[in-house]
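I have placed the structure first, in the form of structure tokens, so that the comments after it can refer back to it.
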Amino acid sequence: PDDVVRAFRTAVEQRRTVVLNLPLDVQAAAAPQPMQVPALPALAPVRPSAASVAELVTLLTASQRPVFVAGRGARDAREQLRALAEACGALLATSAVANGLFHDDPWSLGISGGFASPLAAELITQADLVVGWGCTLNMWTMRHGALIGPGARVVQVDLDADAIGANRPVDLGVLGDVGATAADVLAVHQERRRGYRTGEVQAAIAERGRWNTVAYDDLTGPDGIDPRTLSIALDELLPDDRTVAVDSGNFMGYPSAYLRVPDEHGFCFTQAFQSIGLGLATAVGAALARPDRLAVAALGDGGALMAAAELETVARLGLPMVVVIYDDRGYGAEVHHFTGADHTTVTFPDTDIAAIGRGFGFDAVTVRTPDDLKPVEEWVHGPRTAPMLVDAKIASDGGSWWLAEAFRGH
């Protein structure tokens, strides 16, 4: 028990990966009765220095258009950040891994970076102060720095000293827990300011703050359904209480940007090494961990076929989840980004993935138009006695728009 507790504390408090190795004889041994589990007194959060707090208060007081970007390190500090943002008039955004943290806040811009809506990108770029809270402000979150406007000041708050300034220069680095820092700054920040929270900005966020409200030319046709049309329809069809797990690939911007999540626990992002094929197994874990929510696996056809064996796991465990496959008949990233190359090995013949799903015990549907989604709607309202697989034959989007945005000008 002592070793298990040490492993747990190392993982949680130091945010490090831990291998807990159990030899076969230990696995086979009977657990001692009664089991004595060592007490786990909570450690006090690391508070920032008074000087750092004072400097951040000075910057917030001088700012007319502050924006907070919350990352993984801010996932437990939602209310502290909302309170401080309200006091200083800041708009709220997140990195991809913290998607959903401010899902119901009227001043939330959603994800910052390549997935950012046009309005979010515009408002973040016009900020005169950007504060990264537990967020490394890397090239994806800041679009290679393009979202940092000319003359904008940059602050980074983090528990890890090595993370501060690792991806871009900062004007102020604050070493401390995100929640504790936000609370300490709020206690000193006496002047309530309107800042970026004007009626005009609020109306713009309400009207066009999400990708779902941005007009587009629908590509649905002989090649299949437009991935935007598919994603918007799924967002409306699927219940709000959901966990969305996204695989890596050319398609990944669509479920990330178009499918709402109820909070930061409702979004599982598998992009750490840009390795495809991890999304389905991640969704299985999410379905088991949160059976009260509908697990939605959003996959490309390449990643889905790579992980097809996990379809049997879903069916065998009786998980009432949805597997959505953005099927563009190939490894889309290689097709679109290695132009002029020989694509023989990265393009596939049209594969009946719906039939594969049925073979494993899924209800399944092939989707080429919005009308083809009717069985999904019926499944949502039905008994959900089997998992649902959606093989969406998507029209070519000409390459991932989110990646183009991230690299624009570079």
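The values are calculated or read from the model by the stated rules, or taken from the named source; none is laboratory data. What you are looking at is a predicted structure, and each value in this text was computed from that prediction instead of being measured. Here Cβ is always computed from backbone atoms with ideal geometry, including for glycine, and neighbour counts include all displayed protein chains. When the accessible area is computed, the model is the full protein with side chains, heavy atoms only, and any ligands, DNA or RNA have been set aside. Shrake-Rupley method; radii C 1.70, N 1.55, O 1.52, S 1.80 Å.
Taking residue 346, is it within 26 Å of the chain's Cα centre (by Cα) and surrounded by 14 or more Cβ atoms within 10 Å (Cβ to Cβ)?
Considered against the rule, which asks whether it is within 26 Å of the chain's Cα centre (by Cα) and surrounded by 14 or more Cβ atoms within 10 Å (Cβ to Cβ), residue 346 comes out as no.
Among the candidates 281, 304, 309, which residue alone is modelled with pLDDT of 95 or more and within 18 Å of the chain's Cα centre (by Cα)?
281
Starting from the stretch 1-14, keep only residues that are free of Cβ contacts under 8 Å to residues at least 12 places away in the same chain, then list their pairs with residues that are open to solvent by less than 80 Å² (accessible area, probe 1.4 Å) and of a type outside the set (Gly, Ala, Ser) whose Cβ atoms are within a distance under 6 Å, requiring at least 6 positions of separation or different chains.
Correct list of pairs: 10/18; 11/18.
Here is a yes/no grid of residues against (1) farther than 30 Å from residue 222 by Cβ; (2) touching a Phe, Trp or Tyr at 6+ places or on another chain (Cβ under 9 Å); (3) open to solvent by 30 Å² or more (accessible area, probe 1.4 Å):
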| residue | (1), (2), (3) |
| --- | --- |
| 268 | yes, no, yes |
| 286 | yes, no, no |
| 292 | yes, no, yes |
| 298 | no, yes, no |
| 326 | no, yes, no |
| 342 | no, no, yes |
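Identify the single condition in (1) among the basic types (Lys, Arg); (2) open to solvent by less than 90 Å² (accessible area, probe 1.4 Å); (3) closer than 24 Å to residue 149 by Cα that residue 75 does not satisfy, given that it satisfies every other one.
(3)
Out of curiosity, is residue 260 over 26 Å from residue 332 (Cα atoms), basic (Lys, Arg), open to solvent by 30 Å² or more (accessible area, probe 1.4 Å) and in contact (Cβ under 8 Å) with a residue 40 or more places away in the chain?
no
Among the residues of the stretch 332-339, is there at least one that is open to solvent by 20 Å² or more (accessible area, probe 1.4 Å) and modelled with pLDDT of 95 or more?
No, there is no match, as no residue in the stretch 332-339 is open to solvent by 20 Å² or more (accessible area, probe 1.4 Å) and modelled with pLDDT of 95 or more.
Being open to solvent by 90 Å² or more (accessible area, probe 1.4 Å) and in contact (Cβ under 8 Å) with a residue 12 or more places away in the chain is the requirement here; does residue 56 meet it?
No, not satisfied.
Out of (1) surrounded by 23 or more Cβ atoms within 10 Å (Cβ to Cβ); (2) touching a helix residue (DSSP H, G or I) at 6+ places or on another chain (Cβ under 9 Å), what's the single condition that is false for residue 124?
Only one criterion is unmet by residue 124, namely (2).
Exactly one condition in (1) of a type in the set (A, V, I, L, M, F, W, C); (2) open to solvent by 50 Å² or more (accessible area, probe 1.4 Å); (3) touching a strand residue (DSSP E or B) at 6+ places or on another chain (Cβ under 9 Å) is false for residue 317; which is it?
All conditions pass for residue 317, except number (3).
Quickly run through the stretch 142-189 and pick out the residues that are surrounded by 19 or more Cβ atoms within 10 Å (Cβ to Cβ) and part of a strand (DSSP E or B).
154, 155, 156, 157, 158, 174
Could you tell me whether residue 151 is over 23 Å from the mean Cα position of the chain (by Cα) and modelled with pLDDT of 95 or more?
The answer is no for residue 151.
Quick one: which residue in 59, 84 is modelled with pLDDT of 95 or more and in contact with a helix residue (DSSP H, G or I) (Cβ under 8 Å, 6 or more places away or on another chain)?
Among 59, 84, only 84 is modelled with pLDDT of 95 or more and in contact with a helix residue (DSSP H, G or I) (Cβ under 8 Å, 6 or more places away or on another chain).
If a residue must be of a type in the set (Lys, Arg), part of a loop (DSSP other than H, G, I, E, B) and either buried (at least 16 other Cβ atoms within 10 Å of the Cβ) or touching a strand residue (DSSP E or B) at 6+ places or on another chain (Cβ under 9 Å) (or both), how many such residues does the stretch 190-247 contain?
The total comes to 3.
Which numbered condition in (1) under 30 Å from residue 89 (Cα atoms); (2) out of contact with any helix residue (DSSP H, G or I) (no Cβ under 7 Å at 6 or more places or on another chain) is the only one that residue 260 fails?
The single condition residue 260 does not satisfy is (2).
Keeping to the stretch 328-352, report how many residues are touching a residue at least 12 places away in the same chain (Cβ under 8 Å) and either closer than 15 Å to residue 388 by Cβ or aliphatic (A, V, I, L, M) (or both).
3
Among the numbered criteria (1) in contact (Cβ under 8 Å) with a residue 40 or more places away in the chain; (2) surrounded by fewer than 18 Cβ atoms within 10 Å (Cβ to Cβ); (3) of a type outside the set (Ser, Thr, Tyr), which one does residue 39 miss?
For residue 39, the exception is condition (1).
Restricting to the stretch 374-391, give me the number of residues that are of a type in the set (Lys, Arg) and touching a Pro at 6+ places or on another chain (Cβ under 7 Å).
Qualifying residue count, the stretch 374-391: 1.
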